[in-house]
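> This is the structure, below, for whatever I ask next.
Quick note: the coordinates plus some simple rules give every number you see, no bench work behind them. Quick caveat, the model's predicted, so the values are computed rather than measured. Glycine gets a Cβ as well: all are built from the backbone with ideal geometry, and neighbour counts include every protein chain shown.
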Amino acid sequence: MPLASRLLTVGVAAFMSVAALTACSGSASGEQSTQDACGVLAEGLGNVQEQVTAADTALTDGDMTTAQSNLASASAGLYSVSPQITNEQIAPILDDLITGLNDVHAAAEPDAAPDALDAASSGLRDAVQRFNEACGG
């Protein structure tokens, strides 16, 4: 499954580039700023980097069971960040990142067709792109 793995790797690289560049700042109005939400989400993405990288390696090796386990862990890790993100622009991106990870997880069946896994990866790639656009990556 090299193509699907490559697509997941692109997502990992995008996660980490934004995580490294995004900083938090306080909001005077009490509402969560986009910058604050990006910082929280970037930290959450950094916290799941190991699981996503391990899933990518497992996909490359054809070990779908390990890939599924790591993707489930990454999704749960991002889900735990949800209550901390109240910004109306960033919260839907987090939801789409979680959905994208869940879709790839569901498609990573031992007998999955490569095109099914590639199709499932497209939602994750789109969410990463939206995150990069919104957060300045």
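> When you count, for each residue, the other Cβ atoms within 10 Å and take the mean per peptide, how do 66-75, 104-113 rank with the highest first?
Working: 66-75: 22.0, 104-113: 17.1.
Order by mean packing, descending: 66-75, 104-113.
> Compute, for region 84-137, the length of the dipole vector about the Cα centre, with Cβ point charges of +1 (Lys, Arg) and -1 (Asp, Glu) only. Units Debye, rounded to 20.
Working: 2 positive and 10 negative charges, 45 e Å.
So the magnitude is around 220 debye.
> Another question about this same structure. Treating only the Cβ atoms of Lys and Arg (+1) and Asp and Glu (-1) as charged, compute the dipole magnitude of region 25-100 about its Cα centre; round to the nearest 20 debye.
Working: 0 positive and 10 negative charges, 17 e Å.
With Lys and Arg at +1 and Asp and Glu at -1, about 80 debye.
> Let me ask something else. So, in nm, how far is label ASP126 from label ALA106 when the simple model puts each one 7 Å beyond its Cα toward the Cβ?
1.4
> Another question about this same structure. What list of ³J(HN,Hα) couplings, whole Hz, do you get for region 58-63 from phi and the Karplus terms 6.51, -1.76, 1.60, once you set θ to phi - 60° and write x for glycine and proline?
Taking θ as phi minus 60°, the curve returns 5, 4, 4, 7, x, 8 Hz for region 58-63.
> Ok, one more. Sort 46-54, 92-100, 34-42 by packing, meaning the average of other beta carbons within 10 Å per residue, with the highest value first. Could the numbers behind the result be given before it?
On the way: 46-54: 18.2, 92-100: 19.9, 34-42: 21.8.
In descending order of packing, they fall as 34-42, 92-100, 46-54.
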